[in-house]
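Notes for the one structure printed next.
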Amino acid sequence: MSLEWVESTLGSLLAKKGYIRGPFGSSLKRGEMQDYGIPVYEQKNAIYNVRDFRFFIGNDKFEKLKRFQVKTNDLIIS
């Protein structure tokens, strides 16, 4: 395995690995938030690498939005 750096653009990397935009505020309404359940990432979670979640959603809402699920090694751009 080569240990050399390869120069690339962000656009070409996103095209290779897949890229998803959203969800946006209209997908997650305050009234759907719960005190427990599946945590909802906010900008502060990504920016400051903190896991103190304020908002959670239930399984039904998660099923509708599961394509936006954050997975290991995902790059989150806010």
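The values are calculated or read from the model by the stated rules, or taken from the named source; none is laboratory data. On a predicted model such as this, the values are computed, not experimentally measured, just so you know. Cβ atoms come from the backbone with ideal geometry, glycine included; neighbour counts cover every protein chain shown. Surface areas here come from the heavy atoms of the whole protein model, side chains and all, with no ligands, DNA or RNA. Shrake-Rupley method; radii C 1.70, N 1.55, O 1.52, S 1.80 Å.
A few points about this structure:
- Taking all protein chains together and rolling a 1.4 Å probe, Ser27 ends up with roughly 30 Å² accessible.
- Calculated volume of the Cα convex hull per residue in Å³ (choose from [x] 99; [y] 139; [z] 123), label: [y]
- Dipole-positive endmost among Ile76, Asn59, Tyr48 within the chain (Cβ charges, Cα centre): Asn59
- The charge dipole of the chain, taken about the Cα centre with unit charges on the Cβ atoms of Lys, Arg (+1) and Asp, Glu (-1), comes to about 260 debye, rounded to the nearest 20.
- Relative contact order of the chain, pairs being alpha-carbon contacts under 8 Å that are 6 or more residues apart, as %: 27 percent
- Residues of region 14-45 with amide N under 13 Å of the 7 Å Cα→Cβ point at Ile77: 14-22
- The modelled label-to-label distance for the pair Ile38/Arg67, using points 7 Å beyond Cα in the direction of Cβ, is 1.4 nm.
- Cut-off 12 Å between beta-carbons: net charge of the residues surrounding Glu32, Lys and Arg +1, Asp and Glu -1: +3
- Solvent-accessible surface of the chain, taken per residue with a 1.4 Å probe and all protein chains present: 92 Å².
- Taking θ as phi - 60° and the Karplus parameters 6.51, -1.76 and 1.60, the scalar couplings of region 63-73 work out to 4, 6, 10, 5, 5, 9, 4, 7, 10, 3, 6 Hz in sequence order, x denoting glycine and proline.
- Exposed-loop-free span, longest in the chain, where trypsin sites (Lys or Arg not before Pro) count as exposed if DSSP calls them loop and at most 10 other C-beta atoms lie within 10 Å: 30-50
- Loop-resident chymotrypsin sites (Phe, Trp or Tyr not before Pro) (DSSP state other than H, G, I, E or B) in region 1-57 with no more than 10 further Cβ atoms inside 10 Å of their Cβ: Trp5, Phe24, Tyr36.
- Percent carbon-and-sulfur accessible area, the chain, ignoring ligands, DNA and RNA, probe 1.4 Å: 53 percent
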